[in-house]
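Any read-out appearing in this document is the output of simple, stated calculations on the displayed coordinates, not a laboratory observation. Given the structure is predicted, the values throughout are model-derived calculations rather than measurements. Here the Cβ positions follow ideal geometry from the backbone for every residue, glycine too, while neighbour counts run over all protein chains shown.
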Amino acid sequence: MTDQEIENEIQAKGLTAPSVTTELIESEIAKEIYSHIEGTNVTVAVLVMRSGYSVVGHSACVSDANFDAELGKKIARQHAIDQCWALFGFRLASQLQEK
C-alpha cells in the first residue's frame, strides 16, 4: 500500500485528528540532492527540509546489470521519505503536548 493509498483510506474513514500527511512531508522539502556513487550501484538521496535538517536515503541493486539511475533515485528518495514519517510524527506529538 502506498503512502497516498493510506492517506486516502484515512480520509475516507473520516479520521480527522491532527496527523502527518504525505502533503505535509512534501511541503517541507526545500531541496533534493541525488548522487550515484561512482564505481558502485549505489544511489543516495538527500532531502533538505525547510528547517535545514537533512534526511538521507539510499538504494542499491544486487546486480550491476540491473542498475538504472532513475529508478535508483526514486527508491533512494522513498527511503528518505520513509524516515520522515517518524520525524514529523515526533514533531507533531510534541506540538500537541505543548497545547
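Divided by 2.2 N^0.38 Å, where N counts the residues, the Cα radius of gyration of the chain comes to 1.27. Restriction of the GluC sites (Glu not before Pro) in region 4-40 to DSSP coil positions whose beta-carbon has at most 16 other beta-carbons within 10 angstrom yields Glu38.
In the chain, helices alone account for a calculated mean residue ellipticity at 222 nm of -15500 deg cm²/dmol, with every DSSP H run of four or more residues adding -39,500 (n - 2.57).
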